[in-house]
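S.K.: Sharing a structure with you now.
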Amino acid sequence: MTTSADPPWSTPDRSAAGPSAAGSSAVGSSAAGSSGVGADDRVALRRRALLGGGALVAAATALAACSSVARTPTRPAAPSRATSPLPDIQFDVARYSAPEQTSPTGGPFTMPPVHTVYLTATLGRTPGPADQRELTRVLDELESRYAFGAAGLMTFVSYGLPYFRRLPGPVVDAHLPRLAADPARSVLEEAVPGPTDVHPDQPGVTKRRFTVPVRIEANDLLFTFRSDRATTIQDVLAWFGGSGRLAGQAVPSPAFAGLLTVTSTRHMFTQVGLPRSVAEQNQLPYARFIQPDSPMWMGFSDQQTNASGPPAICTFAGTDAARLTTARPGDYLDNGSIQHLSHVILDMLQFYDMATATTPPSENGSFAKRVQYMFHAPAVHPGNADQLTDGGGPSFLPAENRGPDYAERTARGIGLPAGERRMGHLSTLQRTSRAADGTPMHLRIDGPGFDALDVPDGSNQPKLHFSVFVPTADFFATMRRSQASVDLARRHRVAEQDNGLERFLTCTRRQNFLVPPRRHRAFPLLGV
């Protein structure tokens, strides 16, 4: 399938990594000379003013390696800041990203910025007014030096429960919205293990290859940096690390006096064909089975415009279609939201039902089966005569809303061939992911990664970096339980191999964050 997701005038982003970028080694390589980061930048990145460890260097290295196969799309000019102020909802960025496009097989979709880095951090002390002013300066510098948008830079800032526990309890209680259905509960609660996550409280849950217990993280902050250009995010990381330069100009680096320690950086890449390129570059055994037009590892697009809701419905204030909290327009956190971040290892051998790296896929790895795991049962598209090569069928398919009861219908076998009981990933999500009028109540920013984080043997593996904006932490927990649909599987005897994507996913990290309105994004509630 040919799509317009990456225009023919797009060019490889080879400028990021200096003279050696075009010949950089395999994605995920940790060889010192393969990152493409200049010697001066390495020195700056290793400065310990912000960081105890090498997380910034690791992210810069991953960005440089990926830039050799990524392309830099041509985007329309972003709206003028003079006539179009940046949105108070931090993640209301559609007009600063890509225009809607149409696939002949999948309908409308949009492609987000090519590169995203999630940077998590803890605080060494409770921030004060000077720290708040400095963070305001840092964020303002980023947005004044780089145009806000996919072609430039987009930055979101979110805060975990540990941050709010540092603040006076009465202030937090007075300003954090509560659940409309249960005012005793806050919109921000800590993440919990999903029903199919490996965890000591769930001793019966194992995975075929990656039995890694999920960790509920305790970070104070989450920075989300997004750009089409790896060089831009590399520049930001170097500046955070103490380079003193931003966008080619002398700009004082963040000066937090030991306040922040970076705990992780996670590089996500999203572009048509990029997972296939990464797989071929690294000679992965299933490379030729990955759909060459897919922006995702599993061969199916996740960027359909009707699969995510409008930003406002994901906020605490909500909309007329859905309002789940006590927040009202004008409240301190009205345009805030919950941002969930998780880190997932993908078992791609199992997805293609390959017993080993040299074993060919079985029938369960065919397009006809995989498309049901991802979407709905029965198959929403028959695929090609060759069900394996180049994915065996199209990547872009419609994300149809079949209603909250459809998963149970197919779990009971209704509408399926005699004796079959199945549930698709999209079917199970739709049990609880939409408002009464069918509007999705979540907005995802998820995509592929390729690294060794949390992999038991230290090898680079395909990842899903999953992040989503939702109106409450409870809403996400409910949606995650729906995705697993363990209740329906047990009630209607749906075999594990017929229940969506659960068996292919090993989530190793989870945390919920509160993303405040833009006007309060620098250490919210401080001094209130």
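The values are calculated or read from the model by the stated rules, or taken from the named source; none is laboratory data. These figures come from a predicted structure and were not determined experimentally. Note that we place each Cβ from the backbone using ideal geometry, even for glycine, and neighbour counts take in every protein chain shown.
S.K.: Is it the case that Phe475 is aromatic (Phe, Trp, Tyr), over 20 Å from Met298 (Cα atoms), surrounded by fewer than 24 Cβ atoms within 10 Å (Cβ to Cβ) and within 19 Å of the chain's Cα centre (by Cα)?
M.R.: Judged against the criteria, Phe475 is a match.
S.K.: Which residue out of Ala130, Ala77, Ala98, Ala82 is crowded, with 19+ Cβ neighbours inside 10 Å and small (Gly, Ala, Ser)? I'd like the intermediate steps shown before the answer.
M.R.: Details: Ala130 fails: crowded, with 19+ Cβ neighbours inside 10 Å; Ala77 fails: crowded, with 19+ Cβ neighbours inside 10 Å; Ala82 fails: crowded, with 19+ Cβ neighbours inside 10 Å.
Residue meeting the stated conditions: Ala98.
S.K.: Of the residues that sit in the range 201-216 and are surrounded by fewer than 23 Cβ atoms within 10 Å (Cβ to Cβ) and within 18 Å of the chain's Cα centre (by Cα), which one is nearest to Gly458 (Cα to Cα)?
M.R.: The residue in question is Arg215.
S.K.: Out of the residues in the range 511-523 meeting the condition of being touching a helix residue (DSSP H, G or I) at 6+ places or on another chain (Cβ under 9 Å) and under 22 Å from Ile216 (Cβ atoms), tell me which one is surrounded by the most Cβ atoms within 10 Å (Cβ to Cβ).
M.R.: Per the stated criteria, the residue is Phe513.
S.K.: Still on this model: Tell me, please, whether a residue that is part of a loop (DSSP other than H, G, I, E, B), farther than 21 Å from Val93 by Cα, touching a residue at least 40 places away in the same chain (Cβ under 8 Å) and not hydroxyl-bearing (Ser, Thr, Tyr) can be found in the range 300-314.
M.R.: Scanning the range 300-314 turns up at least one residue that is part of a loop (DSSP other than H, G, I, E, B), farther than 21 Å from Val93 by Cα, touching a residue at least 40 places away in the same chain (Cβ under 8 Å) and not hydroxyl-bearing (Ser, Thr, Tyr).
S.K.: Okay, moving on. Does Arg266 meet the test of being crowded, with 17+ Cβ neighbours inside 10 Å and closer than 29 Å to Leu349 by Cβ?
M.R.: yes
S.K.: Which one is surrounded by the most Cβ atoms within 10 Å (Cβ to Cβ), of the residues in the range 402-456 that are among the β-branched types (Val, Ile, Thr) and assigned to a helix (DSSP H, G or I)?
M.R.: Among residues in the range 402-456 that are among the β-branched types (Val, Ile, Thr) and assigned to a helix (DSSP H, G or I), the one surrounded by the most Cβ atoms within 10 Å (Cβ to Cβ) is Thr428.
S.K.: Collect the residues in the range 273-301 that are crowded, with 21+ Cβ neighbours inside 10 Å and either in contact with a strand residue (DSSP E or B) (Cβ under 9 Å, 6 or more places away or on another chain) or of a type in the set (Asp, Glu) (or both), keeping them in residue-number order.
M.R.: The answer is Leu274, Pro275, Val278, Ala279, Leu284, Asp293, Pro295, Met296, Trp297, Met298, Ser301.
S.K.: Residues in the range 227-235: is at least one surrounded by 18 or more Cβ atoms within 10 Å (Cβ to Cβ) and among the small types (Gly, Ala, Ser)?
M.R.: yes
S.K.: If a residue has to be in a strand (DSSP E or B) and under 22 Å from His465 (Cβ atoms) to count, how many in the range 210-260 make the cut?
M.R.: 10
S.K.: Being outside any helix (DSSP H, G or I) and either more than 26 Å from the chain's Cα centre (by Cα) or of a type in the set (A, V, I, L, M) (or both) is true for just one of Asp386, Asp353. Which residue is that? It would help to see each step written out before you state the result.
M.R.: Details: Asp353 fails: either more than 26 Å from the chain's Cα centre (by Cα) or of a type in the set (A, V, I, L, M) (or both).
Sole residue among the options that is outside any helix (DSSP H, G or I) and either more than 26 Å from the chain's Cα centre (by Cα) or of a type in the set (A, V, I, L, M) (or both): Asp386.
S.K.: Another question about this same structure. Out of (1) under 26 Å from Pro295 (Cα atoms); (2) in contact with a Lys or Arg (Cβ under 6 Å, 6 or more places away or on another chain), the odd one out for His492 is which?
M.R.: Every condition holds for His492 apart from (1).
S.K.: If I ask for residues that are more than 18 Å from Leu139 (Cβ to Cβ) and free of Cβ contacts under 8 Å to residues at least 60 places away in the same chain, which ones from the range 230-252 would you list?
M.R.: Those that are more than 18 Å from Leu139 (Cβ to Cβ) and free of Cβ contacts under 8 Å to residues at least 60 places away in the same chain: Gly248, Ala250.
S.K.: Continuing with this model, one more query. Output the number of the condition that Ala368 fails; it satisfies all remaining conditions of (1) modelled with pLDDT of 95 or more; (2) not in a helix (DSSP H, G or I).
M.R.: Ala368 satisfies all of (1) modelled with pLDDT of 95 or more; (2) not in a helix (DSSP H, G or I) except (2).
S.K.: Hey, can you tell me all the residues within the range 311-351 that are closer than 30 Å to Arg370 by Cβ and of a type outside the set (S, T, N, Q)?
M.R.: If the condition is that a residue be closer than 30 Å to Arg370 by Cβ and of a type outside the set (S, T, N, Q), then Cys314, His340, Leu341, His343, Val344, Ile345, Leu346, Asp347, Met348, Leu349, Phe351 are the ones that fit.
S.K.: Tell me, please, whether a residue that is within 23 Å of the chain's Cα centre (by Cα) and free of Cβ contacts under 8 Å to residues at least 40 places away in the same chain can be found in the range 315-334.
M.R.: no
S.K.: Right, something else. For Gly391, state whether it is under 23 Å from Asp353 (Cβ atoms) and touching a Gly at 6+ places or on another chain (Cβ under 6 Å).
M.R.: yes
S.K.: Continuing with this model, one more query. Can you report the number of residues in the range 198-248 which are basic (Lys, Arg) and closer than 28 Å to Leu123 by Cβ?
M.R.: 3
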